[in-house]
Structures are given as C-alpha cells and as structure tokens.
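The values are calculated or read from the model by the stated rules, or taken from the named source; none is laboratory data. Predicted model, so just to flag it, every value in this text is computed and none were measured. FYI the Cβ positions are ideal-geometry reconstructions off the backbone, even for glycines, and counts take in every protein chain you see. These area figures cover heavy atoms from the full protein model, side chains too; ligands, DNA and RNA do not enter into them. Shrake-Rupley method; radii C 1.70, N 1.55, O 1.52, S 1.80 Å.
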Amino acid sequence: MGTQISPTPGTTPSLFSRRTVLRASLLGAGALTTAPLLAACGSDDGGTAAPRSAPSLVKPSGTVTLTLWSWAWPEEPAAGQLKAAFEKAVPEVKLEVKKFPFPDYETALRTAVPNGTSGDVLHLQTGSMIRQYAQFLSPVEDLAKQAYGDDWETQFLDGSVKEIRDSVPQGQPLVAMPQQYSIGGVLWVNRAVLAKAGGQVPTSHEEFVRISRDLRGQGLVGATWGAKDNWPNTDFLVQFASQFKPGIVAAAEGGQASFTDDAIVAGLEYLKRTLTDELWNKAPFATPAFPDAYDLFFNGKAAAASIGTWGTASLFAAPNRLTDWAACLWPKLPDAPDDNWLGSSVSGLPQASSTSAVRPWRTVNVASAMRGDLSPDKQWAAWKFVEWSCGEEGQKAGSATYTPARKGIRPDGLNAEWEKIYDWHNELGKGAERREFDYIETRKAIETAIAEVCVNNADPKAELQRVDAAAARARK
C-alpha cells in the first residue's frame with residue numbers, strides 16, 4: 001500500500017484504530033482513478049507536453065522551495081521526520097508538501113497537470129494514472145543511470161520498473177521512479193484461529209472449504225472479503241484467471257486476447273464458487289466494506305485475509321501479531337493446470353499451501369515523477385527529491401511508513417520469522433500478476449461483471465463480452 005500508519009504509540013489498538021490504519025493504507029492500495037482520461041500522447045488538448053529527453057540539471061545558487069503533491073504522505077510525526085531527513089540530505093531544497101484526500105487528488109490533477117499549476121513533484125499510481133499524465137512529465141531514465149549506475153533497474157524489486165514502463169503509452173519514455181512497492185493477494189493467516197480447525201493451512205480448495213465449515217461452527221470465518229468496495233474484487237479475478245493462463249487479463253485489456261477467453265471465464269466462475277462454498281464472511285457484497293471485513297481478521301475472528309506487504313504496519317498494533325500471524329498462498333484451484341511457478345521459493349509458513357499455488361499480484365503503490373515544464377533550478381530540486389526518495393537513504397527513511405521499492409530494505413521492527421516472510425513476499429514478485437489497469441473503463445466494467453455474476457447469477461461469458469466492448473472503446 002501507499003502510506004501505512006500505526007496506531008498512536010502507547011494506546012491499545014481498538015476497532016477504530018484498526019480501521020484508521022486500514023483506511024489510511026487503502027488510499028495507496030485501492031484508490032482508483034475515476035477521471036476521464038486525457039489524451040494518451042501528444043498535446044492536442046492544448047496542454048504543455050513534457051520534453052522527450054532528460055533535462056540538463058542546473059544546481060541553484062541559493063535555496064529552492066519545492067512542492068510535492070501527494071495523497072500518500074504519512075501523518076505526523078512521521079511526516080515531519082521524513083521531510084527533515086530529505087532537507088538534511090539536500091540542504092539546498094526546502095520541501096513543502098500538499099497532501100490531498102485521494103478523490104480530491106484525482107480532481108486536482110485533472111486540471112492542474114495540463115495547466116502546469118500542479119506540484120513540482122507528483123506521487124502517482126501506476127496504470128491509468130501515469131498513462132493519463134505521462135505526456136506532461138519529465139523523462140527520468142538517463143537521470144537514474146547517472147544517479148544509480150547503468151544497472152539501476154536491477155536495484156529495484158522485481159517487476160517494479162517494468163510496471164511503470166507498462167503504464168506509459170507506447171513510444172513515450174520512462175517518466176516516474178518506483179518509490180513504494182507491494183506484493184498483495186497473499187493470504188495472511190492467524191495461527192491461533194487456524195488451530196481451531198486443525199492448524200494446517202489449506203492445501204486444496206476442498207480443504208479450504210472444510211476449514212471454513214469447521215470455523216463457522218465456532219462463530220468464526222475462514223477468510224474475509226470486503227466486496228462492497230468493488231476494487232478488491234478485480235484483484236481476485238486477476239489472480240484466479242492467471243492460474244489458467246498467466247497474464248491473460250492484461251493481454252485482454254491490451255487487445256491481444258479476449259475477456260471471454262476460457263481462462264478468464266474459469267477465473268470468474270471460481271470466484272463465484274468461493275461464495276457458494278462459503279469460504280468467506282456472510283454476504284461480502286452486501287455489508288462489509290474492505291476495512292470492516294479486515295477487522296474480522298485483526299480481531300481474531302477469521303483464519304485468513306488476503307493482504308500482502310502493504311499490511312506490514314498492522315503487525316505492530318498488538319504484541320501477539322508477530323508471533324500469531326504468518327502467510328501463505330491460495331491453494332491450487334480445482335481444474336487449473338499444474339504450474340509450479342514458485343520453483344524453489346520457500347513458503348512464508350513452515351508448510352507450503354500447495355504446489356501450483358495461486359499467483360499473487362504486484363503493484364507500485366506510489367511512483368515519483370516531476371513536471372516537464374519546470375525551470376532549471378526547480379528541475380534540479382525535483383530530481384534531487386526523486387533521487388533521494390527512490391535511493392537507498394530515502395528508502396530507509398521511508399520504510400517506517402511504507403514498503404520500499406528497493407531490494408534489501410525492510411521496515412524496522414520485524415522479528416526473524418517476519419523478516420523471512422517479508423522477503424518471501426518480495427521474491428514472489430518474479431511470478432506475480434500485474435494488478436493495475438491501463439484504462440479505468442476496463443476496471444469499472446470488470447467490477448460490474450463480477451458483481452452481476454456473483455450476486456445476480458448472470459452468465460460469466462455474457463458479462464465478460466461487455467468487458468471486451470468497454471476495453472475496446474477505451475483503447476480507441
């Protein structure tokens with residue numbers, strides 16, 4: 001996720017504090033762009049397009065005031081600490097941060113970026129948001145080589161730079177750097193709750209059903225799903241469809257395949273089956289939003305929840321979490337082909353869930369970019385912020401509040417087992433699915449299809465035909 005916030009030190013985590021942690025984190029994990037897309041390339045809409053080569057940076061003779069726009073900047077005291085760390089590292093720059101609620105951020109970007117009135121540095125999501133504004137941003141690849149070396153891309157976690165490249169319209173240069181990165185779609189389990197149903201992680205769908213049934217008899221649930229919020233639902237479809245054909249959802253959005261492909265149909269049918277087989281809390285589409293559903297897990301009422309590295313801050317909310325919680329992958333889907341994509345990768349638990357386990361997803365929660373129309377001194381200051389934030393020093397400073405994009409940097413405070421589990425999460429990025437969509441129209445159409453199939457028993461293939469049509473319109 002983007003910003004991760006722990007409860008106030010010295011307080012007992014309550015239901016409210018847990019919701020606060022999740023809702024703050026959700027701004028990074030699930031906030032979605034709802035604005036109409038700007039032109040994908042060129043500057044026909046009258047905006048000022050970015051230069052297509054890296055700027056020549058000019059160090060200022062005095063102090064430069066730099067403005068960062070973000071929805072994912074931490075709260076105090078972490079905000080002040082992070083700002084002070086940057087200004088100490090780059091004393092020529094005074095940083096001012098304008099933080100928005102995510103919906104307001106979308107609105108502000110929509111007019112301010114084309115008009116050249118936004119912040120000098122912008123925090124952006126991959127997928128549709130970067131695609132929307134790429135033409136107005138400054139190329140950064142040459143600057144990254146100068147700052148980090150020719151091998152700079154290998155210094156970041158697997159898939160993170162590629163995800164940004166995939167977000168940029170074809171023919172345009174890299175315009176952002178990975179700052180925050182997460183692996184999601186990994187099942188976190190509460191071993192104390194799981195012990196009430198035998199203690200073993202599910203190694204098959206049938207075993208998952210048995211665990212959930214046993215826990216329901218004790219007033220507990222097998223897994224949590226806050227489907228009312230819609231956006232987590234596409235995560236599951238991306239994951240489940242990939243078990244039948246890796247990368248199929250991304251290929252369908254790009255027009256290289258169809259959303260009616262058998263693999264996506266099978267993934268949607270399995271998602272509905274999880275409801276029929278009662279793996280979840282009751283009526284996930286009707287009542288619990290995402291944070292409320294996750295409270296079941298945080299409060300010890302559920303054996304599992306689909307979280308990931310972005311939830312690491314939640315580990316510190318109560319003393320027993322570092323010992324009671326662990327992680328595994330969703331077990332192999334019925335009828336899915338064998339695909340031991342994990343290879344020799346170790347499990348995050350003493351025992352693996354199964355061979356051919358479900359692939360997780362990966363996402364750059366926050367990418368750092370700079371406007372392409374800045375004056376030379378602002379351009380220098382903006383790059384220094386991006387360079388520091390995505391470099392080793394800035395990543396270490398930021399790891400107190402978010403999951404870093406650089407290899408080898410973890411949040412402080414993890415015990416030995418959770419250091420292993422955290423590293424295991426990041427190893428999974430090599431085989432993880434891309435989470436974000438190039439076009440918001442595609443995502444919205446998939447959300448509708450999932451709800452129609454899972455709630456109204458609609459025909460999966462017919463609903464996915466509508467997604468095909470929406471994706472085709474978006475590509476045009």
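Descriptive notes on the structure:
- Considering the stretch 301-312, and only residues there that are open to solvent by 10 Å² or more (accessible area, probe 1.4 Å) and either assigned to a loop (DSSP other than H, G, I, E, B) or in contact with a helix residue (DSSP H, G or I) (Cβ under 7 Å, 6 or more places away or on another chain) (or both), the residue that is modelled with the lowest pLDDT turns out to be W310.
- For the stretch 119-226, no strands (runs of 3 or more DSSP E) sit wholly inside it while including 1 or more residues that are surrounded by fewer than 17 Cβ atoms within 10 Å (Cβ to Cβ).
- Complete set of residues in the stretch 421-445 that are open to solvent by 40 Å² or more (accessible area, probe 1.4 Å) and within 16 Å of A313 (Cα to Cα): D423
- Residue selected from the stretch 331-346 under the condition modelled with pLDDT under 90 and either loosely packed, with under 11 Cβ neighbours inside 10 Å or more than 25 Å from the chain's Cα centre (by Cα) (or both), by the criterion farthest from D277 (Cα to Cα): S344
- Residues located in the stretch 94-107, provided they are out of contact with any Lys or Arg (no Cβ under 6 Å at 6 or more places or on another chain), at pLDDT 95 or above and open to solvent by less than 20 Å² (accessible area, probe 1.4 Å): Y105
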